[in-house]
Amino acid sequence: MGIFDKLKAEFIDIVEWLDPTNNVMVHRFDRRNNELKNGAKLTVRETQVAVFINEGQLADVFKPGMYTLTTENLPILATLKGWKYGFNSPFKAEVYFLNTKTFTDLKWGTPNPIMLRDAEFGPIRIRAFGSYTMKVGDPVKFIKEVVGTDGEFTTEKITEQLKNIAVTRFTDAIAESKILVLDMAANYNEVSKFCEDKIKPEFMEYGIELNKFLITNISLPPNVEEALDKRSSMGIIGDMGKFTQFSAASAMTAAAENPNGGGAAAGMGMGMGFGMANQMMGAMNQAQQPQQQSAQAPPPMPPALAFHAVINGQQAGPYDLNALKQMVMQNQLTKETLVWRQGMAGWEAAGNVGELISVFGAVPPPMPPAPPIPPQQ
């Protein structure tokens, strides 16, 4: 092989990248001095984009396909190099392959609990976890804003920043939603979609397209969860007296079915049975005492009737029946006066309200006119 052929073979004539991993987002094609051969073959596979950079300036971008590198398909690089009429010699350029596939199951989570004001529990802390999927949406912007001169860029190098954005927007979304803590599980889809719409523009600032944002879990502190479990248990138990009776009866049944009976064991079992029976009777008596006391106590007095009235064009009152009688006597209240009390749908004339019939009945009728005086003779 001659010297010329040997030197010619030093220049690369096949440019391609096979990704052996699942997390590499950008790979720089390595070649000494970045020398590429005129007429070299460029292979860009599906879910890839190739970007040529010359002396720090972004040049041509190639989508999936197979290309022969010439002046025709390197227009920007040809301009930067000053190739006006084509070229026949090797040239230097950095080639970056970008992985445009969707990266799935990327995790996010709150590093510290989030403080919230819940309408039911008051101030409370929650933690949240989830996942998201993304891909490179704008290769040029991604290289400019994120990659720089990094020759091997993986998802781990950017997910920390993306997680910070996700947590911030999630916290803001939860605070704005005013959703009760106990109702959050029923609104995962709505909150996830709200966060996704908020985060997408910020991811795109880095040239990244957010495909899906999901909330998988929202949890409370362990002590709060324990108290909530106790509260749920009490709700399931319901009537404590009946639960005590049931527990005592179950214990007596278990003691009676004890196969190790006889002798001291039988006496012990009998003693336990009597003790449980006493407990059951005590529980039954306690459950019956409130019923007996309620049966002996007199019923509560009915609430006194009180009416509001429109006096001289203004609302006044409330007045009880005795006060209304005095007002009738003083001509402050008539049957046409509008009145209202709790339970009425609206204001009505006093004469149409059944409870006020006695008020107007207590007023004597108007005096008859005086007889005429006979003329004097």
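The values are calculated or read from the model by the stated rules, or taken from the named source; none is laboratory data. Everything quoted here is computed from the prediction, not taken from an experiment. Counting neighbours? That spans all protein chains shown, and the Cβs are built from the backbone with ideal geometry, glycine included.
Details
- Considering the conditions (1) modelled with pLDDT under 75; (2) within 14 Å of Ala166 (Cα to Cα); (3) not charged (D, E, K, R), Asn258 is excluded by exactly one of them, (2).
- The set of residues from the range 199-210 being part of a loop (DSSP other than H, G, I, E, B) and either out of contact with any strand residue (DSSP E or B) (no Cβ under 8 Å at 6 or more places or on another chain) or modelled with pLDDT under 90 (or both) comprises Glu205, Tyr206.
- Meets criteria (of a type in the set (Asp, Glu), at pLDDT 85 or above, buried (at least 17 other Cβ atoms within 10 Å of the Cβ) and over 14 Å from Arg127 (Cα atoms)) for Glu196: yes
- Of the criteria (1) in contact (Cβ under 8 Å) with a residue 24 or more places away in the chain; (2) touching a strand residue (DSSP E or B) at 6+ places or on another chain (Cβ under 8 Å), which one Ala173 fails: (2)
- Annotation note: of Val136, Val140, Val147, Val167, the sole residue that is more than 30 Å from Phe62 (Cβ to Cβ) and touching a residue at least 12 places away in the same chain (Cβ under 8 Å) is Val167.
- Within the range 190-209, the residues that satisfy the criterion of being of a type outside the set (Ser, Thr, Tyr) and within 8 Å of the chain's Cα centre (by Cα) are Glu190, Val191.
- Single residue of Ile143, Ile158, Ile218 found to be modelled with pLDDT of 85 or more and more than 30 Å from Phe97 (Cα to Cα): Ile218
Yes or no, residue by residue, for (1) modelled with pLDDT of 85 or more; (2) of a type in the set (Lys, Arg); (3) part of a loop (DSSP other than H, G, I, E, B):
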{"site": "Ala309", "(1), (2), (3)": "yes, no, no"}
{"site": "Met327", "(1), (2), (3)": "yes, no, no"}
{"site": "Gly343", "(1), (2), (3)": "no, no, yes"}
{"site": "Ile357", "(1), (2), (3)": "no, no, no"}
{"site": "Met367", "(1), (2), (3)": "no, no, yes"}
{"site": "Ala370", "(1), (2), (3)": "no, no, yes"}
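- Of the strands (runs of 3 or more DSSP E) lying entirely inside the range 36-125, the ones with 1 or more residues being surrounded by fewer than 13 Cβ atoms within 10 Å (Cβ to Cβ) and free of Cβ contacts under 8 Å to residues at least 40 places away in the same chain are found at 57-62, 65-68, 103-109, 114-118.
- Number of positions in the range 171-217 that are of a type in the set (Ser, Thr, Tyr) and either at positive phi or not assigned by TED's automatic domain parsing to the domain that holds Thr155 (or both): 0
- Residue satisfying all of: in the range 173-224; touching a Lys or Arg at 6+ places or on another chain (Cβ under 6 Å) and of a type outside the set (D, E, K, R); nearest to Lys107 (Cα to Cα) among these: Leu210
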